[in-house]
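All remarks here apply to the structure that follows.
We did not get these values from a lab; they are worked out from the coordinates using the rules stated. Computed from a predicted structure; not experimentally measured. Cβ placement follows ideal geometry from the backbone for every residue including glycine, while neighbour counts extend to all protein chains displayed.
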Amino acid sequence: MSSTGDKTLWSLSSLQVAKEKERRKSAAVPKTQKNFLNKNIVNASANTSSSIDDLKISKGTLLGDHYEVEGFLGERRFGIVTKCRNTKTNEFVAIKVNKKEPKILQQAEKEILILMLLRGLDADRCNIVQWNNFFIDGDSICLNFELLDQSAIRLVLFQLANALSHLGSVGIVHADLKPRNIMVVDRYECPIKVKLIDFGFACPASTVIPGDCVGTVGYRAPEVVIGSLFNEAIDMWSLGLVAVELATGFPFYPGRNDYDVLKFIIQTQGQPPDHIIENQSPALLQPWTKMTKTQTGIGKSH
């Protein structure tokens, strides 16, 4: 069984985007949208635990009645991304299937709300992946996106900066910019065109809470690592790291965890300014304090 909310989502998102333009600093989603999502997602949230295997999806599986799985595009902690064929139109799309864990389903609901806000933007002009709709398949929330290709540098970076600029225009922080979330529209098209995908960590800048853990190790800005308040600027930090990786083929800050990355940041750029680390709780600053005590000959940047 499946349920779609395409028409309702379009009308709700249009209303929300209009409100966003009137009050850019207030990114709260109207109760009508939340109630609509809760009504559709409540059954999916009933399950208590799951794994990738629990999704029981293989080639030929039918999602949402008419999306046949043709292959798999990626596996991440939230679930899997599948390449599907719409059996009604023969068009190919990317379906993001979320695992049935309550926290992941809550994050999926949050991502839908962000995507609803972004529907007021032109996906092609803004270099943002086109979101079509969502539906419920069994206990899983499935997000339907346009199918994009995966892979110069100057043009890609310009388009990514363009995407971040448009996200900022509606007060949204992407919070997980990295090479894996950059997709090519058509590898044979020239000039190359890319789009930014995966809004699972995205949030309105006005709702950021210090200590929120977002992003991916190696691409997080220092203020995220130490639990400080952040805004759209963290996306520009990540863009800089992506630029280096595109040019060299290697991550600029290698490391298996935030501690390793923080060490490289201090070694290459010095300590973050005082306004970033002041007023933080001892618990959040513990990795930072440990790091600064072990470093020698490193002064603060000026």
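Annotations
- Here the label points at Arg125 and Asp149, each 7 Å from Cα along the C-beta direction, are separated by 2.5 nm in the simple model.
- Among the listed pairs Lys99/Lys195; Lys96/Lys178; Lys96/Lys195; Lys83/Lys193; Lys56/Lys99; Lys178/Lys263, those beyond 22 Å (Cα-Cα): Lys99/Lys195
- Among Tyr219, Tyr259, Tyr253, Tyr67, a tally of other beta-carbon atoms within 10 Å of each Cβ gives an order, fewest to most, of Tyr259, Tyr253, Tyr67, Tyr219.
- Fewest-first sequence of Ser140, Ser206 by Cβ atoms within 10 Å of each Cβ: Ser206, Ser140
- Neighbourhood net charge (12 Å Cβ-Cβ; Lys/Arg +1, Asp/Glu -1) for Ala123: +1
- Per-residue HN-Hα couplings for the range 118-129 [Karplus 6.51, -1.76, 1.60; θ = phi - 60°; Hz; x = Gly/Pro]: 6, 5, x, 9, 7, 4, 5, 5, 9, 6, 10, 4
- 3J(HN,Hα) along the range 195-211: 9, 8, 10, 6, 10, x, 9, 5, 7, x, 4, 6, 10, 5, 10, x, x Hz, from the Karplus curve 6.51 cos²θ - 1.76 cosθ + 1.60 with θ = phi - 60°, whole Hz, x for Gly and Pro.
- Burial ordering of Lys103, Lys96, Lys110, fewest other beta-carbon atoms within 10 Å first: Lys103, Lys110, Lys96
- Difference of contour (0.36 nm per residue) and Cα-Cα distance, Gln106 to Lys56: 15.9 nm
- Treating each Cα of the range 153-294 as an identical point scatterer and summing with the Debye formula, the log10 of I(q)/I(0) at q = 0.10, 0.11, 0.22 Å⁻¹ comes to -0.35, -0.43, -1.43.
- Backbone N within the range 197-236 under 18 Å of label point (7 Å from Gln269 Cα along the Cβ vector): 211, 214-236
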